[in-house]
Amino acid sequence: MDSRSDQDLIERTAQGDTMALKALYGRYEMPVYNLILRSAGNRELAQDLLQETFTRLWSMARLFDPRRGSFKSWLYTIALNLTRTEMSRKAHDMKSVSLDDIAPLHSDDPEVGAAVEREELRNEVARMLDGLPPHFREVVVLKYYHHLQFDEISRMTGVPAGTLRARFHRAVDRLRSRVRLKDFAQ
Amino acid sequence: MSCDNKNPVLTLYFHEGRPSREKSIRSHLETCEECRNYLKMLEMTGRCLDAWEDEKPAPETFDRILSALPARPPRPEPARTSNPLFPLAGIAAAIAVILAELSLVQRLLARLPFWNSLGQSWPLRDLGSAGLSVLTFFALGAFAALALAPFLYFQSRHNGSCS
């Protein structure tokens with residue numbers, strides 16, 4: 001694990017150091033990939049957008065200004081903007097929740113059975129999130145999975161924190177009406 | 001705390017408030033069933049969303065990123081510091097040249113026999129020669145601009161196609 005700070009690594013990336021880019025990638029590949037995946041609901045698209053996010057990071061590294069927020073927020077903003085653009089572009093010709101396409105497996109092996117159950121629950125969650133409007137889904141993903149504060153999300157998205165809270169309440173209401181929460185209670 | 005406003009419950013659930021604030025929200029929850037139910041719903045939704053665990057991207061992704069990296073754009077050149085007196089000096093020099101040329105043309109025109117025939121009516125002679133010299137000067141300028149126009153046009157097209 002590279003002990004250098006994000007700030008140090010992004011400065012080196014701006015100077016053309018691919019090893020610094022690799023260190024940043026190793027640090028953020030999982031959160032960025034999962035942010036895109038849960039926002040877009042499509043693994044193939046998430047893979048492409050992860051690649052595009054770090055390609056943009058390379059090109060735009062000189063523009064990062066630590067006075068305007070953390071590196072993590074800046075990187076998430078790049079990923080979210082790319083996801084929004086791609087989702088709106090493909091809105092009419094793409095089935096967003098391709099996780100549904102996984103065929104159900106049947107086996108007597110208890111480990112396989114548990115994996116199938118996990119996969120089904122995950123698909124259920126993906127369907128739930130997919131049923132939310134994009135701006136609701138975004139705030140739910142950033143709050144529940146990435147633990148960002150409303151003020152931080154507000155700086156990233158340009159939406160007032162009060163509006164984000166209202167969106168979050170409404171999203172939770174919608175989720176409650178869509179999901180059989182008893183399935184997840186244990 | 002108004003129970004119409006669920007924001008304090010969010011503050012408690014996501015631990016975004018100070019300990020004293022969270023303590024006061026907790027004490028409210030003891031007496032408010034509505035807020036208690038909302039907190040339970042947040043917890044339940046959180047457990048439900050946890051079912052979608054983090055996934056790993058494909059291991060070859062970084063290699064693909066490296067191969068797709070664009071050439072680093074050149075750093076922008078620092079802006080040249082210009083001398084603020086330079087444009088003023090240039091304009092003054094141009095005006096001086098124009099006035100000198102006008103004076104020369106006026107003197108040449110005044111030597112023509114036609115002007116001498118005007119005799120004593122000096123205002124007509126002097127003002128007329130000045131006006132005619134200005135017209136002559138600008139006519140020559142327009143002629144030069146029109147003569148250079150095709151060259152400048154093709155030059156700009158050539159520069160545009162190379163950029």
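Some observations on this one:
- Which listed residue is in a loop (DSSP other than H, G, I, E, B), at pLDDT 80 or above and surrounded by 19 or more Cβ atoms within 10 Å (Cβ to Cβ), from A:80, A:142, A:132: A:132
Conditions tested, residue by residue: (1) modelled with pLDDT of 80 or more; (2) within 14 Å of chain A (Cβ to nearest Cβ); (3) surrounded by 11 or more Cβ atoms within 10 Å (Cβ to Cβ); (4) within 48 Å of the chain's Cα centre (by Cα).
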{"residue": "B:69", "(1), (2), (3), (4)": "yes, yes, yes, yes"}
{"residue": "B:74", "(1), (2), (3), (4)": "no, yes, no, yes"}
{"residue": "B:93", "(1), (2), (3), (4)": "yes, no, no, yes"}
{"residue": "B:100", "(1), (2), (3), (4)": "yes, no, no, yes"}
{"residue": "B:117", "(1), (2), (3), (4)": "no, no, no, no"}
{"residue": "B:124", "(1), (2), (3), (4)": "no, no, yes, no"}
{"residue": "B:132", "(1), (2), (3), (4)": "no, no, yes, yes"}
{"residue": "B:136", "(1), (2), (3), (4)": "yes, no, yes, yes"}
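- Residues that are surrounded by fewer than 15 Cβ atoms within 10 Å (Cβ to Cβ) and among the charged types (D, E, K, R) were ranked within segment A:145-170; the one that is farthest from the other protein chains (Cβ to nearest Cβ) is A:170.
- Hits in segment B:22-50 (condition: more than 14 Å from chain A (Cβ to nearest Cβ) and either surrounded by 13 or more Cβ atoms within 10 Å (Cβ to Cβ) or in contact with a Gly (Cβ under 6 Å, 6 or more places away or on another chain) (or both)): B:22, B:24, B:25, B:28, B:29, B:32, B:36
- Enumeration of residues in segment B:1-14 that are within 9 Å of chain A (Cβ to nearest Cβ) and within 29 Å of residue A:122 (Cβ to Cβ): B:6, B:10, B:14
- Condition met for residue A:163 (under 15 Å from the mean Cα position of the chain (by Cα), modelled with pLDDT of 90 or more, not in a loop (DSSP other than H, G, I, E, B) and not basic (Lys, Arg)): no
- Whenever a residue of segment A:1-14 is farther than 10 Å from residue A:71 by Cβ, its partners that are assigned to a helix (DSSP H, G or I) and not hydroxyl-bearing (Ser, Thr, Tyr), lying with C-beta atoms within less than 6 angstrom and at least six residues away or across chains, give the pairs A:2/A:23; A:12/A:20; A:13/A:20; A:13/A:21; A:13/A:61; A:14/A:61; A:14/A:62.
- Segments classed as helices (runs of 4 or more DSSP H), wholly inside segment A:1-63, with at least 1 members that are facing another protein chain (nearest Cβ under 8 Å): A:18-40, A:43-60
- Some residue of segment A:88-99 being under 26 Å from residue B:50 (Cβ atoms) and either of a type in the set (Lys, Arg) or at pLDDT 95 or above (or both): yes
The values are calculated or read from the model by the stated rules, or taken from the named source; none is laboratory data. Given the structure is predicted, the values throughout are model-derived calculations rather than measurements. Cβ coordinates were reconstructed from backbone atoms using ideal geometry, including for glycine residues, and neighbour counts include every protein chain displayed.
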